[in-house]
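Report on the following structure.
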Amino acid sequence: MTTPNDWRLDALCAQVDPELYFPEPGAWGKLEESARQLCWECPVREICLAEVMPLEELEDYGTAGGYTAKQRREMRKQNRNAGRQVE
Ligand code: SF4
């Protein structure tokens with residue numbers, strides 16, 4: 001029997017030190033870039049990104065779906081702005 005979260009079993013981030021995805025303050029930069037590179041090789045990147053994008057800004061941190069939290073905030077902002085232009 002499968003569950004909605006079974007995709008997490010294939011997550012590459014589950015095979016490495018969580019510090020790579022959630023580093024201590026001040027340790028970003030190189031770690032963040034390494035995490036992003038691993039994400040782009042991850043077989044479940046698209047579903048991961050789809051899951052994290054609807055999160056509230058304050059619940060969303062660390063690297064996920066191939067993007068940093070800052071990048072995802074910017075993507076949400078662009079999506080909101082694009083939505084306003086269509087209305
Ligand atoms: S895309 Fe990145 S954060 Fe998402 S499951 Fe894969 S390795 Fe983990």
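The values are calculated or read from the model by the stated rules, or taken from the named source; none is laboratory data. None of these values were measured; they are calculated from a predicted model. We place every Cβ from the backbone using ideal geometry, glycine too, and count neighbours over all the protein chains shown.
Collect the residues in the range 21-35 that are more than 8 Å from the ligand (Cβ to nearest atom), crowded, with 17+ Cβ neighbours inside 10 Å and touching a residue at least 24 places away in the same chain (Cβ under 8 Å), keeping them in residue-number order.
GLU32
List every residue pair whose Cβ atoms sit under 6 Å apart, with the two residues 6 or more apart in sequence or on different chains, where the first one lies in the range 56-69 and is under 11 Å from GLU33 (Cα atoms) and the second, anywhere, is within 11 Å of the ligand (Cβ to nearest atom) and not small (Gly, Ala, Ser).
Hits for this filter: THR63/TYR21; THR63/ARG36; GLY66/ARG36; GLY66/CYS39; GLY66/TRP40; GLY66/ARG45.
Working only within the range 1-20, note down all residues that are of a type in the set (A, V, I, L, M), near the ligand (Cβ under 8 Å from one of its atoms) and part of a helix (DSSP H, G or I).
LEU12, ALA14 - these are the residues of the range 1-20 that are of a type in the set (A, V, I, L, M), near the ligand (Cβ under 8 Å from one of its atoms) and part of a helix (DSSP H, G or I).
I'm trying to understand the selection: among the residues of the range 48-87, which are part of a helix (DSSP H, G or I), acidic (Asp, Glu) and surrounded by 10 or more Cβ atoms within 10 Å (Cβ to Cβ)?
Selection gives GLU51, GLU57, GLU74.
Look through the range 46-58, keep the residues that are away from the ligand (no atom under 15 Å from the Cβ) and of a type outside the set (A, V, I, L, M, F, W, C), and return whichever of them is modelled with the lowest pLDDT.
The initial filter retains those residues of the range 46-58 that are away from the ligand (no atom under 15 Å from the Cβ), namely 56-58.
Still in the list and also of a type outside the set (A, V, I, L, M, F, W, C): 56-57.
Values: GLU56: 86, GLU57: 79.
Ranking the qualifying residues of the range 46-58, first place goes to GLU57.
Just checking, does the range 60-76 include any residue being closer than 24 Å to TRP7 by Cβ, at pLDDT below 90, under 14 Å from the mean Cα position of the chain (by Cα) and of a type outside the set (A, V, I, L, M)? Working first, answer last.
Filtering the range 60-76 down to residues closer than 24 Å to TRP7 by Cβ leaves 60-69, 71-73, 75-76.
Subsequent filtering for residues that are at pLDDT below 90 retains 60-61.
Checking the rest, the ones that are also under 14 Å from the mean Cα position of the chain (by Cα) come to 60-61.
Applying the additional criterion that residues be of a type outside the set (A, V, I, L, M) yields 60-61.
Yes - at least one qualifying residue is present in the range 60-76.
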